[in-house]
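Asker: Submitted below is the structure of interest, expressed as C-alpha cells.
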Amino acid sequence: MAKIGINIATGSLQKEEMIVGIDLGTTNSLVAIIHPESKQPIALKEHNSSSLVPSVVHFDEMGGLTVGEEARKFLITEPQNTIFSAKRLMGKSYNDVKQNASFFTYKVIDDDTESLVKVQVGDKFYSPIDLSSFILKELKARAEHILKTPVTKAVITVPAYFNDAQRQATRDAGKLAGLDVLRIINEPTAASLAYGLGLNKDEQKTIAVYDLGGGTFDISILQITNGIFEVLSTNGDTYLGGDDFDRAIVKHWLQQTGLSEEEMSGNKELSQALRLKAEEAKKHLSSNNTFEAKLNGDLLRITKAEFNELIAPLISKTIDSCRNAVKDAGIEISAIDTVVMVGGSTRVPAVKEAVSSFFGKPVHDEVNPDEVVALGAAVQADILAGNNKEFLLLDITPLSLGIETMGGLMDVLIPRNSKIPTKAGRQYTTSKDGQSGMRISVFQGERDLVQDNRKLAEFNLTGIPAMPAGLPKVEVSFLINADGILVVTARELRSGVEQKIEVKPQYGLSDEDVEKMLLDSITHAKDDIAKRALVEAKTEGEQLLETTEKFLTKNAQQLTQEELVQTAEAMQALQLALTMEDKDLIHKKMEELNDISRPYAERLMDMAVSQAMKGKTI
Ligand code: ADP
Ligand code: MG
C-alpha cells in the first residue's frame, strides 16, 4: 500500500513521492516514471510536445538562461552563448578535448590545460557540472509540472565507459539541481531493464546493447544471471555518433555548393545552419529516399544512397567495435541471445541492417530508442522505491554468501537466488609453511572485494598440524537450512580438526538494504572486475616472490654470479611494480622474472633427475 499524504499548500491528496529515472544525454535528456496505475514505464511529456529535451543551454545578455528546444534555436544566431554537448566535457581537462576544439562553437577555456575545463559565456565561467545541473533543473521542473508533485529523488544514467570522476560529476550536477541521486546506473543496463530483461529471476541471457546517440557510440556485452547484470565487456567511441552523420552531410553539401571549409568555419552562423539542415536531412532519410532544401539561395540535396555511402565508414567503425567487444567478452557471436538498439541514430535503416547482419539475428527496436534508457532508469527507480516486491523472493537467498580469500577477494560458495535449503563446500589450503590456524571470514553480497560486502561472521580454525604451505586441506562448507540459518563448518581433512559457526544472514537486513547491495553490484561491476584483476595479479606476484626466495635460499650455490644479480634485480623490479597498483606492469615484471629463472630452474631440475637416476639400482 502506498502512503497517502496531504499537500498542505493545495489541500489535495498526494501520493508518496515518486523516484524518477533520468537519461542525461549528450544530445537529448528526458525523464521517465513507472505509471502508478498501468505499472508500465512512460516518458514524461507535456501535451503535444516531445519527451526529449535537447541538452542545450542558452544564456541571454541579462544573465538569464533557457534550456531545451528554446535554447536550441539560438545555436544558429548566438553560437557563443549556446552550449551543446556539455556531457562531452564532464570530468575532462582542456588537454583531453583540445583535438576536438573546433567542434565546440562556444568558448572552452584553454589557459590551464591540466585542470578541469570551463566554458566562458560573456564574462561568466561555467563548469560542465554547472551546465549539466541547469539541464537537470529544467527536467526536474518539467516533471514537477507534469506530475503536480515535488520531485527530489532520481536515478540517473551514464555511459558504461564513464570513469569515477565522470560519475561523481554527474552526481554533483544532480545535487546542484536539487536532486537526491539515489543511483548512477549504466545506460546499457537501463536499456535492458526497459526490455524487461533481467526481471525474471530464472533467466540467463547474454545481451549486446548497441547505443548510437548524437555524440557517442557504446557497445556493451552484458550477461544476466538470476537478475544480476554482469558487464562482460564494453567498447565504443566517445567521438562517434549522429553528429558525425550530420557533419558528413555538411561536407557533402560544401562540395555540392563549392563553398570551402574555411569559408564555413569562418562563419559560425552558416556552419550551425548547415548543421541543423543536415540533421533534418538525415532524419528525413530514415523514412524517405531523397531530401532537398534551400539555404541562402543554394540548393541542398542528398539521396538515401548517397547518405548511406557517406556513413558506411562510420558504421563499419562501430561494427569493428562490436567485434572487439565480443572478443573481449570471451564469447562467440552466436552466444548472444538478444541485441538491443539504443539511441536516436539507430533509427537509420543502414545502421540497423549492419548491426543485425553482424550479430546474425533481428535486433530489438520496439521500444523507442531515444526513450529506452530513461524508461529503464524508471524501472530501476521503481525497484528502489520498493514497489516491485516480487523482485525479492523469500524461498531463496537474496544475496550471495562466501568467504574471504587471498588479497581480500570474495569467494562465493552459495550464489544469490539459490533455493533453500541448500549446501555447498570448497577446499582451501594454507599459504605459509607450518601455518597452524586459518581465519574464516563469512561475507554476504555481490561485490568482488569483501570490503564492499557485508561481514556476517568470523572464526579461527586452529590446531592445524604443521605442514608445508599448500599441503593442508581445509574443507569449508556452507549449509542453509529451511529456516534460513547458515551453518559454516571448516575442517582440516588430514587431521580432522573442525570448527563450526551459525549465523542468520538475513538478520537486521531490510529489503531496502538487499536492493541497495544488488544495485551497487550492478553499478560497480566494471570497477570490480578491474579491482579483482589487480588483487589477483598482486597475489600472484607476491607468491612468485616468495617461491623465488625459497628457491634461492636452497639453491644459491648452484647459480652463477650473473644469474644471482639478474634475479635480484628482477625481484626488485617486481617488488616495485607490486606497490604501483598496475596489473599490467605486475604481469610484465613477473614474466621478466620467470624468463630469468626458467633456464636455471630447468637446469637444476635436470641435475636432480640425473642424480636420482644414478642413485637407482636396477
Ligand atoms: P544522446 O544519447 O547522445 O543524447 P540520442 O539517443 O537522443 O542521443 O540521439 C540523438 C541523435 O539521434 C541525434 O544525432 C539525432 O539526429 C539522431 N536521430 C534522432 N532521430 C533520428 C532519425 N529519425 N533518424 C536518424 N537519426 C535520428
Ligand atoms: Mg543516449
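The values are calculated or read from the model by the stated rules, or taken from the named source; none is laboratory data. Bear in mind that the values here come from a model prediction, so they are computed numbers and not experimental data. FYI the Cβ positions are ideal-geometry reconstructions off the backbone, even for glycines, and counts take in every protein chain you see.
Asker: Taking region 101-130, which residues are in contact (Cβ under 8 Å) with a residue 40 or more places away in the chain and of a type in the set (Val, Ile, Thr)?
Answerer: THR105, VAL121, ILE129
Asker: Quick one: which strands (runs of 3 or more DSSP E) sit completely within region 77-162 and have at least 3 residues that are buried (at least 19 other Cβ atoms within 10 Å of the Cβ) and out of contact with any strand residue (DSSP E or B) (no Cβ under 9 Å at 6 or more places or on another chain)?
Answerer: No strands (runs of 3 or more DSSP E) qualify here.
Asker: How about region 239-332: which helices (runs of 4 or more DSSP H) wholly inside it have at least 2 residues that are over 28 Å from TYR106 (Cβ atoms)?
Answerer: Output list reads 304-328.
Asker: Report yes if LEU139 is within 16 Å of ligand 1 (Cβ to nearest atom) and either closer than 21 Å to GLY68 by Cβ or over 19 Å from the mean Cα position of the chain (by Cα) (or both), otherwise no.
Answerer: When the stated conditions are applied, LEU139 passes them.
Asker: I've got another one for you. Anything in region 1-41 that is among the polar types (S, T, N, Q) and either closer than 30 Å to LEU212 by Cβ or at pLDDT 85 or above (or both)? List them, or say none.
Answerer: Of everything in region 1-41, those that are among the polar types (S, T, N, Q) and either closer than 30 Å to LEU212 by Cβ or at pLDDT 85 or above (or both) turn out to be THR26, THR27, ASN28, SER29, SER38, GLN40.
Asker: When you scan region 141-161, do you find a residue that is small (Gly, Ala, Ser) and modelled with pLDDT under 95, even just one?
Answerer: Yes, region 141-161 has at least one match.
Asker: Something else now. Have a look at ASN186, ASN288 and point out the one that is on the phi < 0 side of the Ramachandran plot and in the same structural domain as ALA154 (by TED's automatic domain parsing).
Answerer: Result: ASN186 is the single residue among ASN186, ASN288 that is on the phi < 0 side of the Ramachandran plot and in the same structural domain as ALA154 (by TED's automatic domain parsing).
Asker: What number of residues within region 346-384 satisfy the criterion of being within 12 Å of ligand 2 (Cβ to nearest atom) and of a type in the set (Asp, Glu)?
Answerer: 2
Asker: List the number of the failed condition for ARG275; all other conditions in (1) of a type outside the set (A, V, I, L, M); (2) surrounded by fewer than 17 Cβ atoms within 10 Å (Cβ to Cβ); (3) within 16 Å of ligand 1 (Cβ to nearest atom) hold.
Answerer: All conditions pass for ARG275, except number (2).
Asker: Counting just the residues of region 195-214 that are within 13 Å of ligand 1 (Cβ to nearest atom) and either hydrophobic (A, V, I, L, M, F, W, C) or in a strand (DSSP E or B) (or both), which one comes out surrounded by the most Cβ atoms within 10 Å (Cβ to Cβ)?
Answerer: TYR210
Asker: Of all residues in region 333-386, which are more than 23 Å from the chain's Cα centre (by Cα), away from ligand 1 (no atom under 13 Å from the Cβ) and not polar (S, T, N, Q)?
Answerer: GLU353, ALA354, PHE358, GLY360, LYS361, PRO362, GLU366, GLY386 - these are the residues of region 333-386 that are more than 23 Å from the chain's Cα centre (by Cα), away from ligand 1 (no atom under 13 Å from the Cβ) and not polar (S, T, N, Q).
Asker: Shifting gears a bit: Across region 193-207, which residue is farthest from LEU375 (Cα to Cα) among those that are of a type outside the set (S, T, N, Q) and modelled with pLDDT of 85 or more?
Answerer: Ranking the qualifying residues of region 193-207, first place goes to LYS205.
Asker: Go through (1) within 25 Å of ALA530 (Cα to Cα); (2) without any contact (Cβ under 8 Å) to a residue 60 or more places away in the chain; (3) part of a helix (DSSP H, G or I) and name the single condition LEU222 misses.
Answerer: (3)
Listed here are the residues, each with its yes/no results for (1) within 27 Å of THR157 (Cα to Cα); (2) modelled with pLDDT of 90 or more; (3) in contact with a helix residue (DSSP H, G or I) (Cβ under 7 Å, 6 or more places away or on another chain).
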{"site": "VAL209", "(1), (2), (3)": "yes, yes, yes"}
{"site": "ILE219", "(1), (2), (3)": "yes, yes, yes"}
{"site": "LEU232", "(1), (2), (3)": "yes, no, no"}
{"site": "LEU240", "(1), (2), (3)": "yes, yes, yes"}
{"site": "SER271", "(1), (2), (3)": "no, no, yes"}
{"site": "ALA278", "(1), (2), (3)": "no, yes, yes"}
{"site": "PHE307", "(1), (2), (3)": "no, yes, yes"}
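Asker: May I ask you to list pairs of residues, at least six apart or on different chains, whose Cβ atoms are under 9 Å apart, with the first in region 266-294 being closer than 11 Å to ASP246 by Cβ and the second being within 16 Å of ligand 2 (Cβ to nearest atom) and of a type in the set (Phe, Trp, Tyr)?
Answerer: Once the first residue is closer than 11 Å to ASP246 by Cβ and sits in region 266-294, its partners that are within 16 Å of ligand 2 (Cβ to nearest atom) and of a type in the set (Phe, Trp, Tyr) give ALA278/PHE245; GLU279/PHE245; LYS282/PHE245.
Asker: Could you please let me know if GLY266 is outside the structural domain of GLU78 (by TED's automatic domain parsing), on the phi > 0 side of the Ramachandran plot and out of contact with any strand residue (DSSP E or B) (no Cβ under 6 Å at 6 or more places or on another chain)?
Answerer: Answer is no for this residue.
Asker: Tally time: how many residues in region 42-85 are within 16 Å of ligand 2 (Cβ to nearest atom) and at pLDDT below 95?
Answerer: Selection size over region 42-85: 3.
Asker: Does VAL155 satisfy the condition of being more than 16 Å from ligand 2 (Cβ to nearest atom), on the phi < 0 side of the Ramachandran plot and not charged (D, E, K, R)?
Answerer: For VAL155, the condition - more than 16 Å from ligand 2 (Cβ to nearest atom), on the phi < 0 side of the Ramachandran plot and not charged (D, E, K, R) - is not met.
Asker: Hey, another quick one. Hey, PRO188 hits all of (1) within 14 Å of ligand 2 (Cβ to nearest atom); (2) not in a helix (DSSP H, G or I); (3) not polar (S, T, N, Q) but one; which does it fall short on?
Answerer: In the conditions (1) within 14 Å of ligand 2 (Cβ to nearest atom); (2) not in a helix (DSSP H, G or I); (3) not polar (S, T, N, Q), PRO188 misses (2) alone.
Asker: Continuing with the same structure: Being more than 20 Å from PRO188 (Cα to Cα), buried (at least 22 other Cβ atoms within 10 Å of the Cβ) and more than 11 Å from ligand 1 (Cβ to nearest atom) narrows it down to one residue among HIS35, HIS58; which is it?
Answerer: HIS58
Asker: State whether the residues of region 67-87 include one that is within 28 Å of the chain's Cα centre (by Cα), of a type in the set (A, V, I, L, M, F, W, C) and more than 16 Å from ligand 1 (Cβ to nearest atom).
Answerer: no
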